[in-house]
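Peer 1: First the structure, which I've put down as structure tokens, then a few questions once you've had a look.
The values are calculated or read from the model by the stated rules, or taken from the named source; none is laboratory data. Since the structure is predicted, the reported quantities are computational estimates derived from the model, not experimental observations. Cβ atoms come from the backbone with ideal geometry, glycine included; neighbour counts cover every protein chain shown.
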Amino acid sequence: MRASVLLSAIGWAVLAGTSAFAQQGGGGLSAEQRDIGRLETHIRNYGQALGVITQLTRPLGAETECQGVCYSANSSKPVSWSCAPTQRCDLHCLASPPVGGCD
């Protein structure tokens with residue numbers, strides 16, 4: 001599952017590079033396509049771990065799809081969850097096991 005989350009994030013990043021609207025900023029990448037929705041990927045440093053959060057907000061008020069991977073010195077742990085359409089995905093890598101949340 002870990003590999004599928006990473007491949008998904010990489011695939012979306014490649015797609016974002018070819019879409020009509022793609023934007024890259026400090027630690028994040030975002031792209032939007034009218035029929036699919038808006039995809040955002042962020043990298044966070046948690047001190048003892050690194051986290052990658054991918055958030056897909058679909059059009060027409062569907063739930064936001066969230067995927068994350070927490071990387072520590074000895075392991076990596078993927079997690080998937082969903083949030084309300086108006087909320088942002090949040091990843092808690094210092095919890096054991098890592099958990100996703102919504103802001």
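Peer 1: Considering each residue of segment 49-71, count those that are in a loop (DSSP other than H, G, I, E, B), surrounded by fewer than 16 Cβ atoms within 10 Å (Cβ to Cβ) and in contact with a Cys (Cβ under 8 Å, 6 or more places away or on another chain), and give that number.
Peer 2: So the count comes out to 1.
Peer 1: Hey, among the residues in segment 72-85 that are not charged (D, E, K, R) and not in a loop (DSSP other than H, G, I, E, B), which one's surrounded by the most Cβ atoms within 10 Å (Cβ to Cβ)?
Peer 2: The residue in question is Val79.
Peer 1: Moving on to the next point. Filtering segment 15-48 down to residues that are among the hydroxyl-bearing types (Ser, Thr, Tyr) and either over 15 Å from the mean Cα position of the chain (by Cα) or part of a loop (DSSP other than H, G, I, E, B) (or both), which residue is modelled with the highest pLDDT?
Peer 2: Taking the candidates together, the pick is Tyr46.
Peer 1: Which pairs do you get when a residue that is more than 17 Å from Glu65 (Cβ to Cβ), found in segment 87-103, comes within reach of a residue that is in a loop (DSSP other than H, G, I, E, B), reach meaning Cβ atoms under 6 angstrom, with the pair 6+ apart or on two chains?
Peer 2: Cβ pairs passing all conditions: Cys93/Tyr46; Cys93/Ala49; Leu94/Tyr46.
Peer 1: Scan segment 56-103 residue by residue and report those that are among the aliphatic types (A, V, I, L, M) and closer than 21 Å to Glu32 by Cβ.
Peer 2: Hits for segment 56-103 are Leu56, Leu60, Ala62, Ala84.
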